[in-house]
Amino acid sequence: MTQKTATATMSFNGKTAEFPVYSGSIGPDVIDITKLYAQTGAFTYDPGFMSTAACKSSITYIDGDKGELLYRGYPIEQLAQQCDFMEVCYLLKNGELPNKAQYDDWNSRVRKHTMVHDQLTKFYSGFRRDAHPMAVLVGVVGGLSAFYHDSLDITNPEHRMVAAIRLIAKMPTIVAMAYRYNSGLPFMYPRNDYDYATNFLYMMFANPCEEFKPNPVLSRALDRILILHADHEQNASTSTVRLSGSSGANPFACIAAGIACLWGPAHGGANEACLQMLEEIGDVSRVGEYIKRAKDKNDSFKLMGFGHRVYKNFDPRAKLMRETCHEVLNELGLHNDPLFKLAIELERIALEDEYFIEKKLYPNVDFYSGIVQRALGIPTKLFTGIFAMARTIGWIAQWHEMIGDPEQKIGRPRQLYLGAANRNVPDMKAR
Ligand code: SDX
């Protein structure tokens, strides 16, 4: 239980109510308003949750002003440089970095679950070949509930651990299968002798008629992309997973709900939208035209990959993603990639523009991720699928934390009602 550190007093409707204030280990205090309605008869009003802490958590911390992102207290910069994605998965799920024995055991458990039930491969043939991969992922991951729901007691920690391992292990296989199906290529079985990122690139691009070992520089780049996208506090898709899980829904259904939410262009869909925007701009000479549109209140156009609800200085992931972009393009001899040059110029111009400075709009994680994924050979429509593959561990860690919280209740917000007051149904003739 959190300790009260102060008291907030509210006077309203001639009544005075007091509310406990709690302090976290770092970050803003919270005012506990759970008794507000009982004491004042009023709700708070906070659409978009601009000022609302929906839960307690020990997993990820963001300081938007400092541009700081910590996974279990470790700075993202150090994790991206010193660890691999499997270490980060272990950290997010268990709270501490693994030692060698724990790392080897964790890797071995994940590798034993990389295959999917053979019946699941039949799901793909129900989709059109040109179905958007995110539509396929929502359907197939939701379908995992049909294979495991009956062997899952979410109150049993071991059952929860097996479900977590299954989801972490199977997401690359499911995402790669969506790409192979879309391209008319045969599914590739996972290779348990390859690391996580290498195995994914293998399942994506291998040709069953010959040996294929992905370029280790590209595997490392993908592994870092996965680390950068692994978790991010109570973002929209994580909140969706938590809300779904609060009803007792099984983790496979909850992750499918998270994938659906992540698909939106204001959220994880921004990387796909950003690359489409760069391709539409096409040339540095047209950057000014689009900056003007982004500033025009009468134009719904937004500069995709820019802005963030929390980061009001810079997104530390965008800086690391730009470095990874450089590495991959140099490795592939694409350092003169016109889109990358366009993105660098667009970032420079935007960051010098009064509007972007005043509104504190900086590149976010999605701004460069599309360019580097395109260089890796990943099709634009699959970018958000890669984001979902990476974020699965974050969703699972947050779901697990929620289920394990003795104070957890079903999420059920209220509303400010603006509709008709109580009235009688008129006879049809009188309408
Ligand atoms: C992700 O929450 C997370 O942590 C998400 C994420 C994660 O890891 O889970 O970080 C991943 O979703 C990153 C964000 C990717 N989305 C985009 O790049 C889409 C473009 N960005 C915007 O849609 C917007 O910036 C949001 C959705 C990211 C943030 O929206 P907010 O916090 O609700 O801010 P807002 O829309 O109210 O914007 C504040 C002002 C507005 O102008 P005013 O109404 O005050 O005049 O800034 C403007 C906006 O019009 N603005 C932009 C802009 N983003 C905000 N103007 C032009 N271009 C933009 N990109």
Kindly evaluate ASP193 against the criterion of being surrounded by 23 or more Cβ atoms within 10 Å (Cβ to Cβ) and assigned to a loop (DSSP other than H, G, I, E, B). no
GLN415 fails exactly one of the following numbered conditions: (1) in a loop (DSSP other than H, G, I, E, B); (2) of a type in the set (S, T, N, Q); (3) within 28 Å of CYS274 (Cβ to Cβ). What is the number of that condition? (3)
Test: ILE344 is within 30 Å of PRO157 (Cα to Cα) and away from the ligand (no atom under 16 Å from the Cβ): no
Taking the stretch 62-79 as the search range and keeping residues that are within 18 Å of the chain's Cα centre (by Cα), closer than 13 Å to ASP231 by Cβ and not charged (D, E, K, R), which one is surrounded by the fewest Cβ atoms within 10 Å (Cβ to Cβ)? LEU70
Given the options GLY269, GLY245, GLY258, GLY264, name the one that is small (Gly, Ala, Ser), modelled with pLDDT of 95 or more and in contact with a Ser or Thr (Cβ under 6 Å, 6 or more places away or on another chain). GLY258
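Please determine, by comparing only the residues of the stretch 262-313 that are part of a helix (DSSP H, G or I), open to solvent by 50 Å² or more (accessible area, probe 1.4 Å) and not basic (Lys, Arg), which one is farthest from the ligand (Cβ to nearest atom). Walk me through how you get there before you give the answer.
Initially, the stretch 262-313 is screened for residues part of a helix (DSSP H, G or I), giving 262, 270-281, 284-295.
Those left that are additionally open to solvent by 50 Å² or more (accessible area, probe 1.4 Å): 276, 279-280, 284-286, 289, 292-293, 295.
Next, only the ones that are not basic (Lys, Arg) stay: 276, 279-280, 284-285, 289.
Values: GLN276: 12, GLU279: 16, GLU280: 15, VAL284: 18, SER285: 20, GLU289: 14 Å.
Checked the stretch 262-313; the qualifying residue farthest from the ligand (Cβ to nearest atom) is SER285.
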Please list, ordered by first then second residue, the pairs with beta carbon atoms under 8 Å, 6 or more apart or interchain, first in the stretch 87-98 and aliphatic (A, V, I, L, M), second open to solvent by 30 Å² or more (accessible area, probe 1.4 Å). LEU91/ARG72; LEU91/TYR74; LEU91/LEU97; LEU92/ARG72; LEU97/TYR74; LEU97/GLU87; LEU97/TYR90
Out of ASP405, ASP366, report the one residue that is open to solvent by less than 90 Å² (accessible area, probe 1.4 Å), within 26 Å of CYS254 (Cβ to Cβ), in a loop (DSSP other than H, G, I, E, B) and in contact (Cβ under 8 Å) with a residue 60 or more places away in the chain. ASP405
Only one residue in VAL241, VAL217 is assigned to a helix (DSSP H, G or I), farther than 21 Å from THR384 by Cα and assigned by TED's automatic domain parsing to the domain that holds MET86, so which one is that? VAL217
For ALA38, indicate whether it is farther than 30 Å from TYR196 by Cα, aliphatic (A, V, I, L, M) and free of Cβ contacts under 8 Å to residues at least 12 places away in the same chain. yes
ALA42 being modelled with pLDDT under 95, of a type outside the set (S, T, N, Q) and not in a strand (DSSP E or B): yes
How many of the residues making up the stretch 245-255 are of a type in the set (S, T, N, Q) and open to solvent by less than 30 Å² (accessible area, probe 1.4 Å)? 2
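Restricting attention to the stretch 196-242, and to residues there that are among the acidic types (Asp, Glu) and more than 20 Å from PRO75 (Cβ to Cβ), which single residue is most open to solvent (accessible area, probe 1.4 Å)? Before you say what the answer is, go through the steps one by one.
The first filter runs over the stretch 196-242 and keeps only residues among the acidic types (Asp, Glu), leaving 210-211, 223, 231, 233.
Going one step further and asking which of them are more than 20 Å from PRO75 (Cβ to Cβ), we end up with 210-211.
On the way: GLU210: 123, GLU211: 153 Å².
Looking at residues that are among the acidic types (Asp, Glu) and more than 20 Å from PRO75 (Cβ to Cβ), I get GLU211.
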Has the stretch 149-166 got any residue that is open to solvent by less than 10 Å² (accessible area, probe 1.4 Å), of a type outside the set (Val, Ile, Thr), closer than 24 Å to ARG72 by Cβ and not in a loop (DSSP other than H, G, I, E, B)? yes
Being within 16 Å of the ligand (Cβ to nearest atom), surrounded by fewer than 16 Cβ atoms within 10 Å (Cβ to Cβ) and part of a helix (DSSP H, G or I) narrows it down to one residue among ILE393, ILE349, ILE386; which is it? ILE349
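Please determine whether any residue of the stretch 91-107 is open to solvent by less than 30 Å² (accessible area, probe 1.4 Å) and either among the β-branched types (Val, Ile, Thr) or under 26 Å from TYR181 (Cα atoms) (or both).
Step one: of the stretch 91-107, the residues open to solvent by less than 30 Å² (accessible area, probe 1.4 Å) are 91-93, 95, 98, 106-107.
Filter again for either among the β-branched types (Val, Ile, Thr) or under 26 Å from TYR181 (Cα atoms) (or both), leaving none.
There is no residue in the stretch 91-107 that is open to solvent by less than 30 Å² (accessible area, probe 1.4 Å) and either among the β-branched types (Val, Ile, Thr) or under 26 Å from TYR181 (Cα atoms) (or both).
The values are calculated or read from the model by the stated rules, or taken from the named source; none is laboratory data. These numbers were taken from a predicted model, which means no experiment stands behind them. Note: ideal-geometry Cβ built from the backbone for every residue, glycine included; neighbour counts use all protein chains shown. Remember, those area values only see protein heavy atoms, side chains included, never the ligands or the DNA or RNA. Shrake-Rupley method; radii C 1.70, N 1.55, O 1.52, S 1.80 Å.
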